[in-house]
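Below is one structure, written out as structure tokens; the observations come after it.
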Amino acid sequence: MRLNHLAVVMPAYNEAVGIPGFVRELHANLAPLAERLDIVVVDDRSTDATAGVLTDLAAELPGLHVITAEQNRGHGPTALSAYHAGLELEPDLIVHVDGDGQFHGADLARLVTASVDTGADVVHGVRTGRTDPWFRRVLTASVGVLVTVAAGRRIPDVNTPLRAYRPTTLRTLVAAVPEGAHVPHVHFSIAEARGGASVRYLRVASLPRRGGDAQGTMWSEGDAVVQPQPMLPPKRLREFVRAAAVELWHVSLKPGKRS
């Protein structure tokens, strides 16, 4: 079965090296699955040439939309902006993926096919083969335990950035999360479980970031440059974790909070 309209939404920050090849790969793998394919990239005020290379790419690929944020806001708010932009296009299905290119285009095609075949409200891409430093693994495991308690069941890869949503389900989730949320996908995962959404899980390969710092520009201490894997959590990550923990408590984990 072929979709009438598929939209891919993507936050990006300092991905000039890897994002052109990634977007081309997505377009090649997903275009055969829909009569109309839109790819919406929201650039979070990158300090490199991301906006420029995407603008050039838009002249090559039909359906590529480039939005530049007014100011740098971080991954969570940029992802939510991308979701809003995708919903405005009124597609049949919305796929979210980060601009760092850590997935195969073929796996996104599998995600779309699984969504169409199962009719699920959401399909999560569960990452395998991740090579995160120890502190990222500890953080992921800790969040997983908290979410299991809050949601009443285990959710594999609770913060995965690879998801396919039915627009009706996504509108409800987006409306319940603050615009400046640091970890919208964690909130989404909890709300999906509590709200009884039909969720399917698909194992996908996790790849190294395409270009620049393998750990991603969000956590590096400077611009996008190749850096060795840190032994301890970077300062920006520590600050983010503190802010995200407070947010999770007040929005999704505090007793009495039910979606």
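The values are calculated or read from the model by the stated rules, or taken from the named source; none is laboratory data. Model, not experiment: these values are computed from the prediction. As a convention, Cβ positions derive from the backbone with ideal geometry for all residues, glycine included, and neighbour counts pool all protein chains shown. For the accessible areas, the whole protein counts, side chains as well, though only heavy atoms, and no ligand, DNA or RNA atoms are used. Shrake-Rupley method; radii C 1.70, N 1.55, O 1.52, S 1.80 Å.
Observations on the model:
- Efficiency of FRET from Cβ geometry, R238 and W134, R₀ 25 Å, rounded to 0.05: 0.95
- Calculated FRET efficiency for the pair H65/K254, C-beta based, R₀ 35 Å, to 0.05: 0.40
- The loop-placed trypsin sites (Lys or Arg not before Pro) in the range 146-205, going by DSSP, that have at most 13 neighbouring Cβ atoms within 10 Å of their Cβ come out as R153, R154.
- Only Lys, Arg, Asp and Glu carry charge here, each on its Cβ (+1 for the first two, -1 for the last two); on that basis the range 70-211 has a dipole of about 600 debye about its Cα centre.
- The modelled label-to-label distance for the pair A245/E179, using points 7 Å beyond Cα in the direction of Cβ, is 2.9 nm.
- Sites matching trypsin sites (Lys or Arg not before Pro) across the range 1-108 that sit in DSSP coil, with at most 14 neighbouring C-beta atoms within 10 Å: R2
- Between the range 106-145 and the range 161-181, the C-alpha centres lie 16 angstrom from each other.
- Gain in span if fully extended, R153 to R2, counting 0.36 nm per residue against the direct Cα distance: 51.1 nm
- Charging the Cβ of each Asp and Glu at -1 and of each Lys and Arg at +1, and nothing else, the dipole of the chain about its Cα centre rounds to 1280 debye.
- Computed [θ] at 222 nm, deg cm²/dmol, the chain (DSSP H ≥ 4; -39,500 (n - 2.57); rounded to nearest 500): -12500 deg cm²/dmol
- A 1.4 Å probe run over the chain, with the rest of the protein chains in place, finds 45 Å² accessible per residue.
- At least 15 Å along the helix axis (C-alpha) and Kyte average at least -0.5, DSSP helices within the chain: 19-30, 75-88, 105-118, 134-151, 184-195, 235-248
- For the chain, with all protein chains in place and a probe radius of 1.4 Å, 56% of the accessible heavy-atom surface sits on carbon or sulfur.
- Per-residue extension of 0.36 nm, minus the Cα-Cα distance of A106 and E88, leaves a gain of 3.9 nm for this segment.
- Nitroxide proxy distance, nm - points 7 Å out along Cα→Cβ at T172 and R203: 3.0 nm
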